[in-house]
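Scroll down for the structure; my scribbles are underneath it.
The values are calculated or read from the model by the stated rules, or taken from the named source; none is laboratory data. Just so it is clear, the structure is predicted and the values come from calculations on it, not from any experiment. We place every Cβ from the backbone using ideal geometry, glycine too, and count neighbours over all the protein chains shown. Side chains are part of the model used for accessible areas, which takes the heavy atoms of the whole protein and leaves out ligands, DNA and RNA. Shrake-Rupley method; radii C 1.70, N 1.55, O 1.52, S 1.80 Å.
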Amino acid sequence: MQTSASPLSRTLANVFLIGAVLVALLPLALVALNAFKPHTAIVANPLSLPESLSLDNFARAWNGGKFSIGIVNSLLLSGTTTLITLAFASLAAFALARRKIPGWQLITIYFLCATTVPIQLFLFPLYFVYAKLGIVGNFAATSLILAAINLPISIFLLRAYVISIPQDVDDAAFMDGANPLQTFLHVILPLMRPGLITVAIIVFLNSWNEFLITSTFQKGRSNITMTLGYLSMNGTYATDQGALMAGAFILVAPIIVFFLLLQRFFISGMTSGAVKG
Amino acid sequence: MKPLSQRAYHVLFVTPALLLSVAIVLLPALLTFGASFSRWDGVSAPAFVGLDNFEALFADNVFWAAITNNIQWALIFLTIPMAIALVAASLLLSRRKSGAVYQVIFLLPYVLAPVANAVIWQNIILSPVSGLLGFVSKNFIPLSSPLTEPSTALYAVAGVDIWHFWGYLTVVFFAAMRQTPEEQLEAAFLEGANGWQVFWNVTLPNILPTLGLMLVLVTIFSFLTFDYIYLITQGGPARATEMLSTYAYKFAFTSFQVGKAAAVALVMSFFGLIASIVYVRMSRASLEA
């Protein structure tokens, strides 16, 4: 729909939007630009174009950020978190949507409260319990925490998908002799697929980027994730900004590609909880 | 063996999620509650000390400074990114084709890791040596780094966090605004309403539930804010950016006063709880719809 806005307000609107684009992209453009420049050139002028496309900075950043360790741990941690969350959340979403269990209202309200519970409310005792059990630094143990944090929002996203599947579908499966587990696996789960993809993408990225839990529990050289390895460069590489920017490039570029490819799912997942429509 | 009833199956389905959440969130939260009345270093047996931790907190200037900073943070986030996002989203509304491209760009900072965003801003923008700020300072107007000044540090960190966050609000508001019935918009324009009148009389009333939800969520997260503060200033300089979250974290993992950390965590949760009650009421209304 075209508005009848005056040329002036049309221009102001465009200035605002283009300004917003520049602000959003400027820091990322500076990363791309300076990842190929030596430290002295960055200090002289962070806006200058690189003179060559040398990958030296990237080699130093790869070692300095211990990315070869970090990428394995990040994949293990985010992958495990995503699998646990998907499995547990889809089962719970089915059960809560069908309202067959006693106390489903209470459980729903519990998970609703859990969506906004502060991490600090359970972090400190949990850490010392983990320490006592000797599982600090264990990616599987940490992924249980990240899964627990991601569960409530995932349950509500998936529950909306189950609700949109009519109860008749369950009943038909029941008439054919399927038990509820078979109904879930062979009928409901395939129908929930768009929801499962959305939740998987959001949970994976959340865990990939997560800082508070990850930095607390994945301490130690061999346990660090990509983000933690990169963080360890901050400060020690203050006089090698080229490597620091190359490290940022290594960290950020795959996330941007991942996001651009899957942004449709991303945006639908982010807005479905907040927008009634 | 007798086959399980339908209900038994459904109970089994909800059990893994519930057990995990209870083990990781609920039980440790109860331990936090207990720890707040104890002296505990995290390793040896805790000793019950009654309200000592809370009394010590209330007598500590840093505690009040942190609460003030959290309130300031909430006020900043309830106004600035909200206003930017409302303007941006309503501008996108009349650009349905390019709007899709704009929202992806605006969302980019939101999907990047806080660690990456914080290090990028610290070094290539705000650093007086290697950043854009240093470049401007050396060649044009002298500027000091806002991060090293206690009077400006909070705004500088908030600026970085707003840069990362406003796109999320824009996308949510844009999605909500697109639900506005087309007839209402057309009727308003036929009557000769200008952009502002359309926003105020048609779009805004239509997104009121979403706007309310976002105000509540932003309030909750303002009292929990941690990542950008801890990454950029660690609460400094001179506690100018100390938040309840960083204050609690240091108690737990720097000085191992877990009882005090737990007490701060309860205060944080209390602020969140007030907002959560509002949130649950709003969500329940929409869940029952």
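Pairing chains B and A buries close to 8900 square angstrom of accessible surface in total, based on protein heavy atoms and a 1.4 angstrom probe.
Just the protein heavy atoms count here, and of the accessible area of the protein assembly as shown at 1.4 Å, carbon and sulfur take up 69 percent. Using Cα springs under 10 Å in a Gaussian network model of chain B, which residue among B:LEU211, B:LEU112, B:LEU231 shows the largest mean-square fluctuation? Among B:LEU211, B:LEU112, B:LEU231, the largest mean-square fluctuation in the Gaussian network model of chain B belongs to B:LEU112. Taking all protein chains together and a 1.4 Å probe, the residues A:ASP168, A:ASP176, B:ASP41 rank A:ASP176, A:ASP168, B:ASP41 from largest to smallest accessible area.
Accessible area per residue (1.4 Å probe, heavy atoms of protein chains only) ranks B:LYS97, B:LYS138 as B:LYS97, B:LYS138, with the largest value leading. Computed on the range A:66-232, the Cα convex hull volume stands at 126 Å³ per residue. Rounded to the nearest 10 degrees, the inclination of helix A:120-133 to the longest alpha-carbon principal axis of chain A is 90 degrees.
For the range B:75-113, a reduction of at least 40 Å² in accessible area between the chain on its own and the assembled protein chains (probe 1.4 Å) is found at B:LEU91, B:SER94, B:ARG95, B:TYR102, B:VAL104, B:ILE105, B:PHE106, B:LEU107, B:LEU108, B:VAL111, B:LEU112, B:ALA113. Remark on B:SER38: its backbone amide H falls under 5 Å from those of B:VAL49, a criterion applied only to residues 5 or more positions apart or on other chains, H modelled at 1.01 Å from N.
Averaging over all projection directions, the Cα-based convex hull of the protein assembly as shown occupies 29.5 nm² in the image plane. Note on A:LEU76 and A:ALA253: with the Förster distance fixed at 25 Å, the Cβ-Cβ geometry gives a FRET efficiency of about 0.75.
With R₀ set to 25 Å, the beta-carbon distance separating A:VAL169 from B:GLN6 gives a calculated FRET efficiency near 0.95.
Applying 1/(1 + (r/R0)^6) with R0 = 30 Å to the Cβ-Cβ distance of A:LEU181 and A:ASN138 gives a FRET efficiency near 0.50. Using DSSP to call loops (not H, G, I, E or B), can you name the chymotrypsin sites (Phe, Trp or Tyr not before Pro) in the range B:123-191 whose Cβ has at most 14 other Cβ atoms within 10 angstrom? Answer in residue order: B:PHE140.
Legend: residues A:ILE145, B:ILE84, sorted from most to least accessible area (1.4 Å probe; ligands, DNA and RNA excluded), read B:ILE84, A:ILE145. In this simple spin-label model, placing a label point 7 Å from the Cα along the Cα-to-Cβ direction at both A:ARG264 and A:TYR110 gives a separation of 3.8 nm.
Scaled against 2.2 N^0.38 Å for its residue count N, the alpha carbon radius of gyration of chain B is 1.25. Separation of the range A:113-141 from the range B:220-254 is 19 Å, based on Cα centroids. A loss of 30 Å² or more of accessible area (1.4 Å probe, protein heavy atoms, ligands and nucleic acids excluded) relative to the isolated chain is seen in these residues of the range A:16-39: A:PHE16, A:LEU17, A:ALA20, A:VAL21, A:ALA24, A:LEU25, A:PRO27, A:LEU28, A:LEU30.
Surface analysis of the protein assembly as shown yields an accessible area of 43 Å² per residue, using protein heavy atoms and a 1.4 Å probe. Does the range A:96-176 classify as rounded, prolate or oblate by the C-alpha gyration tensor (a ≥ b ≥ c root eigenvalues; a/c under 1.5 gives rounded; else a/b over b/c gives prolate, otherwise oblate)? Since a/c reaches 1.5 and a/b is larger than b/c, the shape of the range A:96-176 is classed as prolate.
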